[in-house]
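The values are calculated or read from the model by the stated rules, or taken from the named source; none is laboratory data. Keep in mind that what you see is a predicted model, and the values were worked out from it rather than measured. Using ideal geometry, Cβ is built from the backbone for each residue, glycine included, and neighbour counts are taken over all protein chains shown. To get the accessible areas, we keep the full protein, side chains included, count just its heavy atoms, and leave off ligands, DNA and RNA. Shrake-Rupley method; radii C 1.70, N 1.55, O 1.52, S 1.80 Å.
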Amino acid sequence: TNQSRTMAIVRTSETSGYYVDIYRSDNTMSNDYVYHNIGDELVFLDEKGKTLTTQKTDYPVTEKDYPGFRFFTEVEKLPEYAGNVVARFSAKNEREERIFMQAYLAGNENRDYYRANSPKTKTAGSQYNGKSLPVFTIRTESEAKSRPFVVVFEPFKGENKNTVERISVEKRNDADVFTALTVFNKNGDKQHVFQSVDPEKTFSSKTGSFRGYYGVASMKGKKLASLYLGQGTEISSRGYALKSRVAGASANLEVRGKRYNISCNQETDVHLPVKKVTLLTIVNNGKKESLPFSMTGDGVVFLVPAVSGAEIYVN
């Protein structure tokens, strides 16, 4: 069986963020995505927050059952549900405050969802040590390569204090090698997440263009707020672009009006959708200097050296 997995953290503010998990497996018989968390309760919800009805069942196990699914207890099933699902764990911290882990599960065809109790744990902290913990699984009786498991996890404290509203995965014919995920936030912001297992190929989606392993285009309203290129060559969205001249580069661009913050671990070409430029300067470690640039039909292009936390000013 060939498998691939990408896990990443997206920070949306000083106090909020989420985890992204994209998992592929080409096992043609069946595939299970398994996750357990501390908690007193686990419920399945639809995108509008309505509780989804489950039915008692036994977990389907293979003859040898190397994962140990036979040890699950109080198993319940949400069968053949094609829409997005929210799995919400509720718990209490040491101060008896309500805390949550909310998992947003991208829907797909031929998917069953299970919730159960796992064997007792010895690594879950003082409140939950020695207790059986809630667990959910996503199961498909087919390969999970062209239809990978895509899950976004958001921890938060306090009822309804989550910042993520919903997720959406772009339907594609090349989903076995590329995923375009959009995470919608309750405040109207959103993040376009690009993930690929073929860093030599450039992929175009409805939300941008990407070449590499991982990238994020963050939107504030209808305007681009930042671009992140992780182990890649190119990312572009809304007229902004970061392009490395060698593979495997990382770079981050933040849009702050006419000022831009940038960090990159090697020389990076930057494209901004600015029609008129007379002077372009960079401030790095307190040193200010002008950068040469060229105008294209739809903006300005310039080369930035490897920098950390530099500021670019366009006049």
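Scan region 296-304 and give yes if some residue there is assigned to a strand (DSSP E or B), touching a strand residue (DSSP E or B) at 6+ places or on another chain (Cβ under 9 Å) and within 26 Å of Met7 (Cβ to Cβ), otherwise no. Among the residues of region 296-304, not one is assigned to a strand (DSSP E or B), touching a strand residue (DSSP E or B) at 6+ places or on another chain (Cβ under 9 Å) and within 26 Å of Met7 (Cβ to Cβ), which makes the answer no.
Do we find a residue being within 31 Å of the chain's Cα centre (by Cα), open to solvent by 80 Å² or more (accessible area, probe 1.4 Å), over 20 Å from Thr202 (Cα atoms) and not aromatic (Phe, Trp, Tyr) anywhere in region 271-289? Within region 271-289 (the criterion being within 31 Å of the chain's Cα centre (by Cα), open to solvent by 80 Å² or more (accessible area, probe 1.4 Å), over 20 Å from Thr202 (Cα atoms) and not aromatic (Phe, Trp, Tyr)), the answer is no, since none of the residues qualifies. Residues that are open to solvent by less than 40 Å² (accessible area, probe 1.4 Å) and over 22 Å from Ile9 (Cα atoms) occur in region 242-257; there is at least one. One residue stands out among those in region 182-200 that are surrounded by 20 or more Cβ atoms within 10 Å (Cβ to Cβ) and closer than 17 Å to Gln102 by Cα: the one that is farthest from the chain's Cα centre (by Cα), which is Asn185.
Conditions tested, residue by residue: (1) closer than 21 Å to Ala82 by Cβ; (2) without any contact (Cβ under 8 Å) to a residue 12 or more places away in the chain.
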| site | (1), (2) |
| --- | --- |
| Val150 | yes, no |
| Phe156 | no, no |
| Asn160 | no, yes |
| Glu165 | yes, no |
| Val169 | yes, no |
| Ala175 | yes, no |
| Val183 | yes, no |
| Asp189 | no, no |
| Phe210 | no, no |
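Determine if region 75-91 includes at least one residue that is more than 15 Å from Ile138 (Cβ to Cβ), surrounded by fewer than 15 Cβ atoms within 10 Å (Cβ to Cβ) and modelled with pLDDT under 95. The answer is no, given that none of the residues of region 75-91 is more than 15 Å from Ile138 (Cβ to Cβ), surrounded by fewer than 15 Cβ atoms within 10 Å (Cβ to Cβ) and modelled with pLDDT under 95.
Return yes or no: is Lys120 open to solvent by 20 Å² or more (accessible area, probe 1.4 Å), in contact with a Ser or Thr (Cβ under 9 Å, 6 or more places away or on another chain) and farther than 28 Å from Ser168 by Cβ? Criteria met by Lys120.
Here Tyr113, Tyr19 are screened, and the one residue that is open to solvent by less than 70 Å² (accessible area, probe 1.4 Å), hydroxyl-bearing (Ser, Thr, Tyr) and either touching a Ser or Thr at 6+ places or on another chain (Cβ under 7 Å) or at pLDDT 95 or above (or both) is Tyr113. Checking each residue in region 26-55 for being exposed (fewer than 12 other Cβ atoms within 10 Å of the Cβ) and within 29 Å of Arg166 (Cβ to Cβ) picks out Glu41, Lys48, Gly49, Lys50, Thr51, Thr53, Gln55. The set of residues in region 128-145 being farther than 21 Å from Phe71 by Cβ, assigned to a strand (DSSP E or B) and either open to solvent by 20 Å² or more (accessible area, probe 1.4 Å) or among the hydroxyl-bearing types (Ser, Thr, Tyr) (or both) consists of Thr140, Lys145.
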